[in-house]
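Q: Mind having a look at this structure? Questions to follow.
The values are calculated or read from the model by the stated rules, or taken from the named source; none is laboratory data. Computed from a prediction, not measured in an experiment: that's the story for all the values here. Note: ideal-geometry Cβ built from the backbone for every residue, glycine included; neighbour counts use all protein chains shown.
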Amino acid sequence: MLLAGALLAPVHAGAASPSATVTGIPLDAPWKSTVYALARATFRHPAWGWQHSERDYQLAVEIGKGDGLTLDTDVLFAAAFLHDMAAFPPYQEPKTEHGDVAAVKSESVLRDAGFPMAKFPAVQAAMREHMYYSKVGTIPEAIALHDADSLDFLGAAGAARMLALTGEAKPDIQPALTSLRSFVTDIPPKLVTATAKRIGAQRAAELARFLGSLRDETFDTTI
């Protein structure tokens, strides 16, 4: 983990750690710098890598402000940056729900990083409940992360994420488009907060317009 952090820093003696993430999230505790370095070095994927975690955190903060939720930013940071860790080795357990895997395997990562472990049960709850199809918990961080993660399946970001799952080995992009069509109708009703519902309506409409334009421009054929 320390090596991963070192690889991300400028290669010269006395290099200082960044004070914030690339989107401006404060790295205001040493453990956050450690977790962020791990995420940047290890969680690399266009659909559920560290960039997705950045967006989830930022959206969750926006949701919290909009709905008057008091969020513990320690809990939110840990949950946002580690909730999809089960997608990457050595944390994978393909037969188990990935949020449940993260809720278990993040414990040693956070403890070793110096996270205040009294807050860890709240991190676990947010991880277990983050997916749009999950039963939403009652703590503010779980609600905000659930809605934020759901929003990242919609709009331009959602389209980019799903299309990133296709490639040379895939015969076409229809499975990705099928998933996106389902998101337009399935995700907005599952949003909990008023702020997320507002953003979700906008993003669902944006995604629907994209899918409609793609259909028209390809003469309603498989591409």
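Q: Looking at this structure, is Leu191 of a type in the set (A, V, I, L, M, F, W, C) and either farther than 15 Å from Ala156 by Cβ or modelled with pLDDT under 95 (or both)?
A: yes
Q: Look through Val35, Val61 and report the one residue that is in contact with a Phe, Trp or Tyr (Cβ under 7 Å, 6 or more places away or on another chain) and modelled with pLDDT of 95 or more.
A: Val35
Q: Which residue is surrounded by the fewest Cβ atoms within 10 Å (Cβ to Cβ), if the candidates are limited to the range 40-57 and must be in contact with a Ser or Thr (Cβ under 9 Å, 6 or more places away or on another chain) and in contact (Cβ under 8 Å) with a residue 40 or more places away in the chain?
A: Among them, the one singled out is Arg55.
Q: So the check is Cβ under 7 Å with 6+ separation or different chains; which pairs have a first residue in the range 20-39 that's of a type in the set (Ser, Thr, Tyr) and a second one that's assigned to a helix (DSSP H, G or I)?
A: Thr21/Tyr36; Thr21/Glu54; Thr23/Glu54; Thr23/Gln58; Thr34/Gly5; Thr34/Ala113; Tyr36/Phe81
Q: In addition: So which pairs qualify, if the first residue must be in the range 164-186 and surrounded by 11 or more Cβ atoms within 10 Å (Cβ to Cβ), the second must be among the aromatic types (Phe, Trp, Tyr), the Cβ gap must be under 9 Å, and the two must be at least 6 apart or on different chains?
A: Taking only residues 6 or more apart or on different chains, the pairs are Ser179/Phe153; Leu180/Phe153; Leu180/Phe210; Phe183/Tyr132; Phe183/Phe153; Asp186/Tyr132; Asp186/Tyr133.
Q: What pairs come out if I take residues in the range 116-139 that are without any contact (Cβ under 8 Å) to a residue 60 or more places away in the chain and crowded, with 20+ Cβ neighbours inside 10 Å and pair them with residues that are of a type in the set (Phe, Trp, Tyr) and in a loop (DSSP other than H, G, I, E, B) whose C-beta lies under 7 Å away, six or more apart or interchain?
A: Between residues of the range 116-139 that are without any contact (Cβ under 8 Å) to a residue 60 or more places away in the chain and crowded, with 20+ Cβ neighbours inside 10 Å and residues that are of a type in the set (Phe, Trp, Tyr) and in a loop (DSSP other than H, G, I, E, B), the close pairs are Tyr132/Phe153.
Q: Within the set of pairs 6+ apart or on separate chains, which have a first residue in the range 203-222 that is under 17 Å from Asp172 (Cα atoms), a second that is among the aromatic types (Phe, Trp, Tyr) and surrounded by fewer than 16 Cβ atoms within 10 Å (Cβ to Cβ), and C-beta atoms under 9 Å apart?
A: Qualifying pairs under 9 Å: none.
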